[in-house]
Amino acid sequence: MSDVFPSVPNGHALLSLLLTAFALFLFTRRKIPLEISSLVLLVVLALSFALFPFSVRGEHFEPVAFFQGFGHEALITVCALMVVGQGLVQTGALEPVGRVLTKAWARAPFLSFLMTLIVSALLSAFINNTPIVVLLLPILISVCMRTKTPASRILMPMGFATLVGGMGTTIGTSTNLLVVSVARDLGLPEIGMFDFVLPAVIASGVAIVYLWLIAPRLLEERQVGVSNNSPRLFQAYLHIDGDSPVVGKSVADARALASDGINLLRLKRGEHFILLLPDVLLQAGDRLRVMDTSANIRAAADAMKATLYSGDHEVDDEHPLNAENQMLAEIAVVAGSRLDRTNLRYTSFLERHQLVVLGLHRAGRDIWKPSEEIMDVTLEQGDVLLVQGNKDEIHKLKLNPEFLVLDSSVEVPSTEKALIAQLTLLTIVATAATGMLPIAVSSLAGAMLMLGTRCLRLGSAIRAVSSSVYFVVVASLALGQALTITGASDYLTDVFLFFTRDAAPVVVLSALMLLMAVLTNIVSNNAAAVIGTPIGVGIAQQLGVDPQPFVLAVLFGANLSFATPMSYKTNLLVMSAGGYRFNDFMKVGIPLTILMWLSYSWLLGRLYL
C-alpha cells in the first residue's frame with residue numbers, strides 16, 4: 001500500500017462520487033420521500049452519462065444499463081418475499097407462535113421475554129421482520145398490561161431482536177440479498193443461504209443477552225395504551241359548541257379550564273386562522289387545534305363541552321360522542337395498509353370502517369399543515385390514529401392485518417389458508433437452501449402460489465411491496481454500477497487503505513464494518529450495502545486476502561440499524577407503539593451497535609482471516 005494519498009480519478013469517477021454524496025444527502029432528507037430521491041438520482045445519473053459519454057474497455061457504455069436494476073434478481077427476490085410475508089400475516093400463519101407466547105407470558109414473564117427475543121430473531125432469519133413486529137406488538141402490549149410489566153422496556157428490545165436475527169441468512173433482509181447479489185456480480189463465488197450462520201448465531205446470542213438483561217434497564221418506565229394515559233402526543237381539533245362554557249372567554253381561560261392544561265397549537269375561525277394570543281376571546285364554531293396525550297385531549301373536550309369529531313362528519317344517532325357502545329382506540333398504520341402514503345379521505349376510512357379519527361400521532365411531531373384537515377394528512381407506516389366508534393367495528397380492525405390496534409387485548413387472525421402459507425414458506429427456504437432453485441425463482445413462485453390459492457388478494461400483495469425499498473434498491477444498484485465501471489470504487493478503496501495503512505487485515509475489516517454501521521444509521525441500509533460491497537472486495541484484493549470476510553463485514557455492518565428510529569421502518573413502528581423518543585434509540589441502540597461490531601470483528605477475524 002502506498003504512503004501517498006491516491007491521485008484524483010477521471011471525470012466520470014468524480015461525477016459518480018459527487019452523485020454518491022448527493023444521494024447520501026437526499027436519503028437523509030426526511031421531508032423528501034425516498035421514492036422521489038431515488039428517481040431523481042436515477043435520472044441525473046442516466047442523463048449525465050448520456051450527455052457525457054463514457055467508454056468501458058474501449059466500448060461505449062449505454063446509459064440505459066442503469067435501468068437494469070428494475071429487473072435485477074435481488075429486487076425480484078425482495079419484492080416476492082415481501083408478498084410472502086404479507087400472506088403469512090393475512091392468513092394467520094404466525095398465529096401458533098402468538099398463542100404459545102401468550103400462554104408462556106402468563107406463567108413466567110421473565111423467561112418468556114427471553115423466549116420472545118429468541119423466537120423473534122429466529123423468525124426474522126427467514127421472514128421480513130415487519131410482519132413479525134406487527135404480530136408481536138399487540139401480544140406484548142397485552143401481556144405487559146396484564147402482568148403490570150412496563151411495555152416500554154419490552155417493545156424496543158423485541159424490535160431490535162428481529163433486526164439481529166435478520167443477519168443470519170441471505171434472505172433475512174433486503175440488505176443481505178443485495179450484498180450477496182452484488183458480490184456475485186463482481187465475480188465472487190455465490191454465498192449460500194446458511195454460509196455465514198455461525199458468526200451470526202454467536203453474535204446474535206450476545207446481542208439477545210444484552211437485550212434481555214441490560215436494555216430494559218436503560219429504558220424509562222412508560223405506560224402504553226389508551227386506557228393507561230399513553231405518552232403519545234396526538235393532534236386533534238376541539239370544536240367549540242354553542243353551549244360551551246368557554247364561549248366569550250379568553251384562550252388563557254380555556255386552557256386553565258382543561259385539566260392539567262392543554263397544548264394549543266392554532267385557532268381556526270371559519271376559513272381563517274386567528275393569532276393564538278392569551279387574551280383572544282373564543283366564539284361558538286371556533287376550532288382549537290391541540291397537541292397532547294389522548295387522555296388530556298379527551299379531558300379538555302369534556303371540560304370545554306367541545307366536540308372531538310373531525311373533518312366533515314356531524315354527530316348523529318349513529319355516531320354519538322358518548323354512548324355505551326362507543327370506545328376510543330389507538331390504531332397504528334403498518335405495511336400493506338391502504339393508509340400508507342395516502343390519506344383518510346381518499347381511502348374512505350370513515351365509510352369503510354365506521355370509525356372517526358380524532359387525532360394523529362407521529363413521534364410527537366407537528367404533521368399537519370396550517371390549512372390542512374385531518375382527513376387530508378398523508379399518512380405513513382408507524383403513524384398512530386386515535387379513533388372513536390362502535391366496539392364491534394374496532395374488534396373487526398383487530399382481525400385486519402392492515403392495522404395494529406394498541407390495547408390490552410390480543411386477537412391474532414387465523415384462517416383455513418394458514419397451512420398453505422406455512423408450507424409455502426418452508427418450500428421457499430428448503431429449495432433455496434438445498435440449491436434446487438435460485439432464491440429469486442423459489443420466492444417468486446411462492447408469491448404466485450400465495451395469490452393463486454387466495455392466501456391474499458392482488459391489492460394486498462401490491463401494497464405489501466414497499467415502494468421506498470423498491471426504488472432505493474434500483475437507484476442503489478445503478479449508483480453501485482457507476483462507481484464500479486468508472487473506477488470510483490477503486491479510488492474509495494485506495495483512500496480507505498491509505499487511512500488504514502500498516503494496519504492488520506482484521507483491523508481494516510473492523511474499520512470497514514464500523515463505516516457501514518455509521519452509514520446505515522444515517523442513510524438507507526440498502527444504499528450503504530451496494531456502495532460498500534465493491535469497496536470491501538477491492539480492499540480484500542489489494543490486501544491479498546479472501547474477499548468473503550470483507551463482504552460479510554459490509555453485510556453485517558449495513559444491518560446495524562439500531563442507533564436511530566429512522567434507520568429502519570420497524571424502528572418507527574416500535575417507536576410509535578411504545579411512545580419512545582429519539583434519545584431512547586440512541587441510549588439502547590448505540591451500545592448494541594458497538595457490542596455487535598466488536599463481536600463480528602472478532603468472529604470474522606477468527607473464522608476467516
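Bear in mind that the values in this text are calculations on the coordinates, not laboratory data. Every value quoted in this text rests on a predicted model; they were computed, and no experiment measured them. Backbone-built Cβ (ideal geometry, glycine too); neighbour counts: all protein chains shown.
For the chain, how many pairs of lysine residues have a Cα-Cα distance under 17 Å, where the two are 8 or more positions apart or belong to different chains?
Details: Lys31/Lys369; Lys31/Lys569; Lys103/Lys148; Lys249/Lys268; Lys249/Lys305; Lys268/Lys369.
Qualifying lysine pairs in the chain: 6.
Going 7 Å from the Cα of Asn10 along its beta-carbon direction, which residues of the stretch 57-77 have the amide nitrogen within less than 19 Å of the resulting point?
57-66
Given H placed 1.01 Å from N in the peptide plane, which residues other than close sequence neighbours of Val56 have an amide H under 5 Å from its amide H?
It is Phe61, by chain and number.
Which listed residue (Ala236, Ala207, Leu449) has the Cα farthest towards the positive end of the charge dipole for the chain, taking +1 on Lys and Arg C-beta and -1 on Asp and Glu C-beta about the Cα centre?
Ala207
Inverting the mean 1/r over all pairs of different Cα atoms, compute the Kirkwood radius of the stretch 1-122 and quote it in Å. Kindly include the intermediate steps, with their values, before the conclusion.
On the way: mean 1/r = 0.0509 Å⁻¹.
Roughly 19.6 Å, rounded to one decimal.
Using 1/(1 + (r/R0)^6) with R0 = 35 angstrom and r between the beta carbons of Met115 and Val518, what's the FRET efficiency to the nearest 0.05? Walk me through the numbers on the way to the answer.
Values: r = 33 Å, r/R0 = 0.94.
The pair Met115/Val518 has a calculated efficiency of 0.60.
From the helices alone, meaning DSSP H stretches of at least four residues, give me the mean residue ellipticity at 222 nm for the chain, per-run term -39500 (n - 2.57), in deg cm²/dmol to the nearest 500.
On the way: 24 runs with 329 residues, N = 609.
It comes out at -17500 deg cm²/dmol, rounded to the nearest 500.
Residues with amide H under 5 Å of Arg266's amide H, sequence separation 5 or more or different chain, H placed in the peptide plane at 1.01 Å from N; which?
Arg289
Which net charge results when you count Lys and Arg as +1 and Asp and Glu as -1 among the other residues whose beta-carbon is under 9 Å from that of Gly285? Provide the component values of the computation, followed by the final result.
Values: positive: Arg269, Arg287; negative: Asp241, Asp286.
In short, 0.
If we sort 47-56, 126-135, 89-98, 588-597 on the protection proxy, mean other Cβ atoms within 10 Å, highest first, what's the order? Don't skip to the answer; put the middle values down first.
On the way: 47-56: 13.7, 126-135: 25.8, 89-98: 22.0, 588-597: 20.3.
Top of the packing list down: 126-135, 89-98, 588-597, 47-56.
Rounded to the nearest 0.05, what FRET efficiency is calculated for Phe499 and Val44 with R0 set to 25 Å and r the Cβ-Cβ distance? Intermediate values should be presented prior to the final figure.
Values: r = 29 Å, r/R0 = 1.16.
After rounding to 0.05, the efficiency reads 0.30.
Reported to two decimal places, what Rg/Rh ratio describes the chain when computed on Cα atoms with Rh from the Kirkwood expression?
Values: Rg = 25.9 Å, Rh = 25.7 Å.
Rg/Rh for the chain comes to 1.01.
Once you charge only the Cβ atoms, +1 for Lys and Arg and -1 for Asp and Glu, what is the size of the charge dipole of the chain about its Cα centre, to the nearest 20 debye? Intermediate values should be presented prior to the final figure.
Numbers: 42 positive and 46 negative charges, 181 e Å.
I would put it at about 860 debye.
For the chain, what's the relative contact order in percent, using C-alpha pairs closer than 8 Å and at least 6 residues apart?
On the way: 1095 pairs, mean separation 129.2, N = 609.
Dividing the mean separation by the residue count of the chain yields 21 percent.
Find out how many positive minus negative residues lie around Arg501, taking Lys and Arg as positive, Asp and Glu as negative, among other residues whose Cβ is under 13 Å from that of Arg501. Spell out each step's value before the answer.
On the way: positive: none; negative: Asp3, Asp494, Asp502.
It works out to a net charge of -3.
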